[in-house]
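**Student:** This structure is in structure tokens; I'll ask about it shortly.
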Amino acid sequence: MKLLITGGAGFIGSAVVRRAITDGHQVVNLDALTYAACLDNVASVADDPGYVFEHADIRDRTALDRIFAQHRPDAVMHLAAESHVDRSIDGPGTFIDTNVMGTFHLLEAARAYWTREGRPEGFRFHHVSTDEVFGSLGAEGQFTETSPYDPRSPYSASKAGSDHLVRAWHETYGLPVVLTNCSNNYGPFHFPEKLIPLVILNALAGKALPIYGDGSNVRDWLFVEDHAEALLLVVQKGAVGRSYNIGGENERTNLDLVQTLCRILDRKRPRDNGSYADLITFVTDRPGHDARYAVDPARIREELGWRPSVTVDEGLERTVDWYLANAPWWRALQARHGVGERLGVGA
């Protein structure tokens, strides 16, 4: 297939780009190169004859129309988004503008292209979203594809809004769409402001390892390369109009996750004195911090035959190894605005 991948210089998007090229697809990588993007993420495939980069913003309809007309993709994989909850607390407007209005402009450009091309049956608009749209769980239960939406942060509300737009464009205009909602991703090329890379890099620098509240918040962790595999499966074989939850089947409390990272670092890069766990510091909780996310991946397992292949213990080992081996990549990103600072404390 020829895939138009938005946000392909970001964390998850670049994993999809790399996997798609490896699998033999052609890729048009559309990215605005905002603060969290990095073209080094796709350097390994940048010279492939099937890869093209388009520096453009999904809010720019003129650029979108040109890109669709020039490249004539078989499918869109829409991953471009503002994604950091803490930043959404401090500046929600950017999240509404990019995640809601950007998705609207992309949908309209895709619909116009699909109509001009005679509404080909094989065309797909794949919208990549998050489990955070479903809100917060208690100690039991899992999110399914029919869970009611209950977003609690500006970020999750903006993603919920974009999900609703995609479904409406399918129901109203017949645009052939598929949707996915994933659990927390981690792995190589993860931008340094997120929890796992932040802990690794703070630990290496001898800085405090901040944990919100008492560390009891639970997340389901999905290795990014497993996620990329699942996304490419859905865009090719998912049923039109259907949504699929993609989970890692790896629940951990934030405290347990950080302690595991400390144990791995103790083995691989020991401190001169004590354990990295000595650096753990509990800080004021994030406003509206969801207690627990857990994803039921039964639909994608039963309908498409996909399951995650990487356990959280294996994935964390691989992630730590990658950061230890790629200091030039993350050092360059640490100078970007807000990285390493405490954001989202609230007004």
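**Student:** Kindly check whether there is at least one residue in region 97-111 that is over 18 Å from A32 (Cα atoms), hydroxyl-bearing (S, T, Y), modelled with pLDDT of 95 or more and under 19 Å from the mean Cα position of the chain (by Cα).
**Tutor:** No, there is no match, as no residue in region 97-111 is over 18 Å from A32 (Cα atoms), hydroxyl-bearing (S, T, Y), modelled with pLDDT of 95 or more and under 19 Å from the mean Cα position of the chain (by Cα).
**Student:** Scan region 53-64 and report the pairs whose first residue is among the charged types (D, E, K, R) and whose second residue is loosely packed, with under 15 Cβ neighbours inside 10 Å and at pLDDT 95 or above, with Cβ atoms within less than 8 Å and a gap of 6+ or a chain change.
**Tutor:** Once the first residue is among the charged types (D, E, K, R) and sits in region 53-64, its partners that are loosely packed, with under 15 Cβ neighbours inside 10 Å and at pLDDT 95 or above give R59/D97.
**Student:** What pairs come out if I take residues in region 1-24 that are in a loop (DSSP other than H, G, I, E, B) and pair them with residues that are of a type in the set (V, I, T) whose C-beta lies under 8 Å away, six or more apart or interchain?
**Tutor:** M1/V235; G8/V16; G8/V17; G8/V27; G8/V42; A9/V42
**Student:** Based on this model, can you work out whether R307 counts as in a helix (DSSP H, G or I) and at pLDDT 90 or above?
**Tutor:** Details: in a helix (DSSP H, G or I): no; at pLDDT 90 or above: yes.
Against the criterion (in a helix (DSSP H, G or I) and at pLDDT 90 or above), R307 does not qualify.
**Student:** Conditions first: (1) out of contact with any Phe, Trp or Tyr (no Cβ under 7 Å at 6 or more places or on another chain); (2) more than 24 Å from I12 (Cα to Cα); (3) modelled with pLDDT of 95 or more. E140 passes all but one, so which condition is the exception?
**Tutor:** It fails just one condition, (3).
**Student:** From the set of residues in region 257-283 that are more than 17 Å from K207 (Cα to Cα) and surrounded by fewer than 14 Cβ atoms within 10 Å (Cβ to Cβ), which is farthest from the chain's Cα centre (by Cα)?
**Tutor:** For region 257-283, the residue satisfying everything is R267.
**Student:** Another question, then. Which residues, counting only those in region 19-30, are of a type in the set (D, E, K, R) and either over 24 Å from L233 (Cβ atoms) or surrounded by 15 or more Cβ atoms within 10 Å (Cβ to Cβ) (or both)?
**Tutor:** Correct list: R19 only.
**Student:** Let me ask something else about it. State the number of residues belonging to region 234-254 that are surrounded by 17 or more Cβ atoms within 10 Å (Cβ to Cβ) and hydrophobic (A, V, I, L, M, F, W, C).
**Tutor:** Qualifying residue count for the region: 3.
**Student:** In the list H78, H71, which residue meets the criterion of being over 30 Å from V218 (Cβ atoms) and either in contact with a strand residue (DSSP E or B) (Cβ under 7 Å, 6 or more places away or on another chain) or touching a residue at least 60 places away in the same chain (Cβ under 8 Å) (or both)?
**Tutor:** Values: H78 fails: over 30 Å from V218 (Cβ atoms).
Being over 30 Å from V218 (Cβ atoms) and either in contact with a strand residue (DSSP E or B) (Cβ under 7 Å, 6 or more places away or on another chain) or touching a residue at least 60 places away in the same chain (Cβ under 8 Å) (or both) holds for just one of H78, H71, which is H71.
**Student:** G344 - would you say it is among the small types (G, A, S), surrounded by 18 or more Cβ atoms within 10 Å (Cβ to Cβ) and modelled with pLDDT of 95 or more? Talk me through it step by step, then tell me what you get.
**Tutor:** Working: among the small types (G, A, S): yes; surrounded by 18 or more Cβ atoms within 10 Å (Cβ to Cβ): yes; modelled with pLDDT of 95 or more: no.
Criteria not met by G344.
**Student:** Shifting gears a bit: Before we move on, is R267 free of Cβ contacts under 8 Å to residues at least 60 places away in the same chain, of a type outside the set (A, V, I, L, M, F, W, C) and in a helix (DSSP H, G or I)? Spell out the reasoning first.
**Tutor:** Numbers: free of Cβ contacts under 8 Å to residues at least 60 places away in the same chain: yes; of a type outside the set (A, V, I, L, M, F, W, C): yes; in a helix (DSSP H, G or I): yes.
Judged against the criteria, R267 is a match.
**Student:** Oh, and also: Against the definition (at negative phi and buried (at least 23 other Cβ atoms within 10 Å of the Cβ)), how does F191 come out, yes or no?
**Tutor:** Numbers: at negative phi: yes; buried (at least 23 other Cβ atoms within 10 Å of the Cβ): no.
Considered against the rule, which asks whether it is at negative phi and buried (at least 23 other Cβ atoms within 10 Å of the Cβ), F191 comes out as no.
**Student:** Then there's this: Could you tell me which of the residues L179, L198 is under 27 Å from W330 (Cβ atoms) and not aromatic (F, W, Y)?
**Tutor:** Details: L179 fails: under 27 Å from W330 (Cβ atoms).
Result of the check over L179, L198: L198.
**Student:** Given the conditions (1) closer than 18 Å to F104 by Cα; (2) under 19 Å from the mean Cα position of the chain (by Cα); (3) surrounded by fewer than 20 Cβ atoms within 10 Å (Cβ to Cβ); (4) β-branched (V, I, T), which single one is not true for T172?
**Tutor:** (2)
**Student:** Please go through region 31-64 and pick out each residue that is surrounded by fewer than 15 Cβ atoms within 10 Å (Cβ to Cβ) and in a helix (DSSP H, G or I).
**Tutor:** T62
**Student:** Where residues in region 113-149 are in contact with a helix residue (DSSP H, G or I) (Cβ under 6 Å, 6 or more places away or on another chain) and free of Cβ contacts under 8 Å to residues at least 40 places away in the same chain, which of them is farthest from D97 (Cα to Cα)?
**Tutor:** This residue is S147.
The values are calculated or read from the model by the stated rules, or taken from the named source; none is laboratory data. What you are looking at is a predicted structure, and each value in this text was computed from that prediction instead of being measured. No Cβ is skipped: glycine too gets one built from the backbone with ideal geometry, and neighbour counts run over all protein chains shown.
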